[in-house]
Amino acid sequence: MGKSTLAQYVYNDKRVEEYFDVRMWVCISRKLDVCRHTEEIFESATKGECPRLDNLDTLQGKLIDKLQESGKFLLVLDDIWFDDSNNQMEWDQLLAPLVSQQAGSKVLVTSRRDTFSSALCCSEVVFRLENMEDSQFLALFKYHAFSEPEIRDPQLREKQEEVAEKIIKRLGKSPLAAKVVGSQLNGKTNISAWKDALTIQIDNLSEPGRALLWSYEKLDPRIQRCFLYCSLFPKGHKYDIEELVPLWVAEGFVNSCNMSKRMEDIGRDYFNEMVSVSFFQPVWEGYTRTPHVMHDLLHDLAESLSKQDCFRLEDDKVTEIPCTVRHLSVRVESMKQHKQSICRLHHLRTVICIDPVTDDINDVFNQILQRLKKLRVLYLSFYNKSKLPESIGELKHLRYLNIIRSLVSELPRSLCITCNFFSSVIKSIVCLSMLEGLPSNIDLFSNCCSLVLKNVPNLKILPCLPASIKKLKIKICPLLTFISNYELGQHDQSENIKRTDHVESELASVYEVSQPPTIFWKVLSSEHSSFKQLIPLIDTGTSSHLQTIGNALGRWPGEILDVKEDIIKAWICCHKQSIRLIYAGTAELPLVLPSRLCELTLSSCNITDGALAVCLDGLTLLKRLSLSKVMTLTTLSSQEVLQYSTKLCNLKIKECWCLRSLRGIRAATSLEHLRLASCPSLELSSGAEIMPLSLQCLEIRECMLAADFFCGDWPHLTYIFIWGCRSTPTLSFGSLTSLEDLSLYYLPDLCTLEGLASLQLHSLVLTNVPSLTTECISQFRVQKSLQVSSSVMLNHMLSAEGFTVPPRLNIIGCKEPSISFEESANFTSVVWLQFYMCEMRSLPTNLKCFSSLTDLQILHCYNISSLPDLPPSLRRIRIVNCGLLEKSCRAPDGESWPKIAHIRWKAT
């Protein structure tokens with residue numbers, strides 16, 4: 001127990017990150033599959049999708065090349081199961097690409113057993129995890145049971161702590177049981193709910209199943225069904241909320257009675273509830289969206305409770321599938337021998353194919369689909385034919401069709417008679433590399449309220465969409481182009497191309513201060529993929545520029561700024577060629593949308609200024625508009641167009657490198673939330689003239705800010721967030737009297753903020769704003785929360801006349817080797833104090849002056865080795881990933897242990 005958690009701490013430790021050039025994490029869980037696990041190692045190493053290769057030798061060759069060019073690597077093989085019956089040759093084959101690579105590379109293994117393959121060579125370096133000490137186990141339980149919200153009733157808290165000490169004696173010192181039971185009790189103020197946990201009795205560390213079952217029984221019945229459904233996926237599976245929630249909706253697990261919320265949003269609430277009770281735990285994978293995993297023992301619980309309904313077909317030796325099964329997942333290479341067994345499952349609602357199959361899949365599925373008329377969900381990952389079986393159109397109950405990463409190039413006309421598609425069918429058109437067009441018969445989508453086209457790189461034409469669609473997302477369709485007739489007939493192509501010339505200096509200027517530079521790296525990666533699709537259609541002279549971008553993407557994102565000038569020049573050359581291609585067309589390609597559309601997302605496709613105006617004209621019900629990575633866009637639509645967008649309340653524009661003007665945005669009189677990110681050509685000025693008065697929240701990242709942008713009188717604006725922008729030395733906030741929350745990050749040019757005297761902020765963040773003057777800093781007044789990255793800046797505030805320290809104080813990313821707090825300052829109002837990712841070697845010596853402090857958090861501060869004297873009011877202390885300090889605070893002999901021994905709630 002706790003093996004994977006310990007390995008995650010090692011994997012994410014800053015020193016480990018700095019030592020290894022590449023880090024990889026793969027969960028093995030019971031069944032070793034050389035091909036699949038090699039693919040997972042490759043994907044973990046490259047942070048991208050593995051190419052489709054049928055030959056293992058070729059794949060391993062690519063992995064060897066990647067590891068050779070990358071330097072030292074760390075590979076974590078999590079939760080392996082090895083016994084004498086395992087094929088030693090398979091282990092040798094899996095590990096072969098790792099042999100004789102860069103000196104200093106390591107493989108870290110976690111296992112429930114202490115027998116390993118000889119190929120791992122780890123017989124002499126096995127660390128066996130022992131039971132936790134009572135005090136440590138209690139601290140772990142309290143960490144999860146009392147994390148949030150804070151219990152303000154001291155008598156209730158005392159009773160809860162008394163019950164907590166009894167509960168842990170019944171959990172067998174199982175960390176998983178402590179985590180799950182504690183998370184289930186978190187936030188519950190009814191003491192009887194706590195006492196109910198005393199019915200759990202675990203005799204030893206290896207039997208936490210009773211605690212897990214107890215926690216499961218406390219879940220809402222609908223969430224219970226969603227949890228059991230997860231057993232369809234293998235152990236170690238990475239659950240993605242975007243993948244799982246549409247499945248739950250299609251299966252009918254999500255409560256549809258709440259008319260004020262979409263079913264997808266309710267499904268997300270279910271997912272988040274499972275996270276909050278530790279049934280899911282996040283796995284950080286660097287620059288990608290965070291997936292979640294389920295502990296093997298929780299997976300065992302789901303499997304045991306759902307065995308009559310859910311079945312995983314993973315072994316060719318299986319001869320019989322229970323006739324009661326409603327949900328089936330398939331992970332065998334050949335389905336032919338199981339075809340008859342599947343056809344006998346008359347109650348079957350779900351077929352999920354997780355891995356590729358080698359059969360003639362059309363023949364197999366034609367027979368299956370003709371027999372199983374009640375299917376709701378059909379998930380055909382890696383479908384190996386160009387066309388789906390016609391019999392799919394006879395599935396009148398089908399709610400969800402997923403042909404992600406398949407070879408489908410044509411959708412059958414018979415699909416249009418399947419009249420029950422819900423919004424969850426949006427996953428049907430994702431990652432189809434061969435699909436060039438959608439059926440012109442719009443009956444296919446006649447009952448869709450949502451449609452997503454994502455990663456369909458050969459899609460060129462979008463047919464007229466039915467009136468039922470209210471939500472449309474088009475993402476990563478680089479050949480999909482929309483242009484107005486006016487632009488084809490009259491637009492001077494050379495003028496549009498010249499507009500890119502200014503981008504070079506502005507891109508370099510903005511991304512010079514961007515921290516971290518991952519956005520620049522991700523946008524380039526997307527653009528590189530798009531250009532590769534266009535290469536056969538444009539001037540071959542771009543190939544060398546494309547190679548320059550490709551070589552840069554092989555670097556670690558943190559290194560890419562070293563060659564940014566060359567990369568930007570290469571991108572501009574490729575972009576000019578793509579612009580020429582778009583304006584060389586002879587036919588108008590408008591984007592005509594249903595008038596009932598409420599939400600529109602366009603990302604990594606081509607739409608010109610004129611085509612966007614045609615598209616938005618008349619969308620009077622549009623509430624949300626998102627434009628990202630649309631490099632053909634130079635200006636937003638005019639006031640004449642946007643004046644009809646009377647419902648538009650949320651606008652997001654990001655990574656549109658050539659966008660220069662927001663033009664008619666002031667006409668959007670209902671706009672409340674505006675997010676502008678990574679638009680380096682966009683110089684924001686004269687805010688009073690261009691921005692609508694209805695704004696409530698404004699977020700700006702990596703843009704150009706002029707001195708007068710914030711001079712507008714925006715009576716409803718309460719929130720401003722600015723990150724990584726170049727600006728004039730002075731910005732004025734004089735008329736923003738409603739402003740409550742101000743966050744400023746990475747602003748190297750900013751020296752002065754005017755109008756601070758009129759602001760009464762609830763929350764203030766000042767992180768890496770190095771040029772801000774002392775006079776300016778001393779004018780801030782903050783009521784609730786303050787975050788700074790410099791103790792010098794903080795002390796300037798503390799010494800200012802009339803400044804009161806807010807209740808929450810956060811020191812984050814402080815680079816100073818030592819810090820001290822102004823001795824004369826009054827800290828009696830501070831109840832919560834945090835130090836996060838600071839480089840200091842010691843904490844301020846006058847922490848004892850914080851006489852009302854109840855919570856102290858010290859996170860990822862690697863150099864701090866001891867604690868100063870602490871105030872007697874302190875009730876909680878949390879220390880995470882601070883190796884030296886954790887050692888100092890260890891009971892009973894740690895140097896700092898006597899200073900925290902009396903604190904009832906502590907976690908290290």
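None of the figures in this text is laboratory data; all of them are computed from the coordinates on show. As the structure is a computational prediction, the values presented were derived from the model and not from experiment. Heads up, the Cβs are rebuilt from the backbone with ideal geometry, glycines too, and the neighbour counts pull from every protein chain shown.
Values as computed for the structure displayed
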quantity	calculated
Cross-link pairs Lys66/Lys564; Lys14/Lys564; Lys47/Lys887 - those with Cα-Cα distance over 29 Å	Lys47/Lys887
Amide H within-cut-off set for Phe780, under 5 Å, with H built and near neighbours excluded	none
Under 5 Å, built H, 5+ apart or other chain: amide partners of Ser727	Leu705, Asp749
Efficiency of FRET between Arg371 and Ala96 - r from beta-carbon atoms, R0 45 angstrom, step 0.05	0.55
Extended-chain gain in nm, criterion 0.36 nm per residue less alpha-carbon gap, Gln643 and Lys166	165.3 nm
Between segment 858-901 and segment 206-225, the alpha-carbon center distance in angstrom	35
Extended-chain gain in nm, criterion 0.36 nm per residue less alpha-carbon gap, Asp134 and Ser778	227.0 nm
Most to least packed among 182-189, 225-232, 4-11 [average Cβ atoms within 10 Å]	225-232, 182-189, 4-11
Net charge of Cβ neighbours under 9 Å - reference Val332; Lys, Arg +1; Asp, Glu -1	-4
Dipole moment magnitude, nearest 20 debye, segment 782-908 about Cα centre, only Lys, Arg, Asp, Glu C-beta charged	500
Residue-span extension gain [Thr730 to Ala688] - 0.36 nm each, minus C-alpha spacing	13.5 nm
Cβ-defined net charge surrounding Gly883, 13 Å radius [Lys, Arg +1; Asp, Glu -1]	+2
Cα→Cβ-extended label distance, 7 Å offset, between Ser544 and Gln155, nm	8.3
3J(HN,Hα) from dihedral phi, segment 621-630, Karplus parametrisation 6.51/-1.76/1.60, rounded to Hz, x for glycine, proline	9, 5, 10, 10, 10, 10, 10, 9, 6, 9
Calculated P(r) tail over 20 Å for segment 699-780, as whole % of Cα pairs	22
Met24 long-range amide H proximity, modeled H, under 5 Å	Leu74, Leu75, Val76
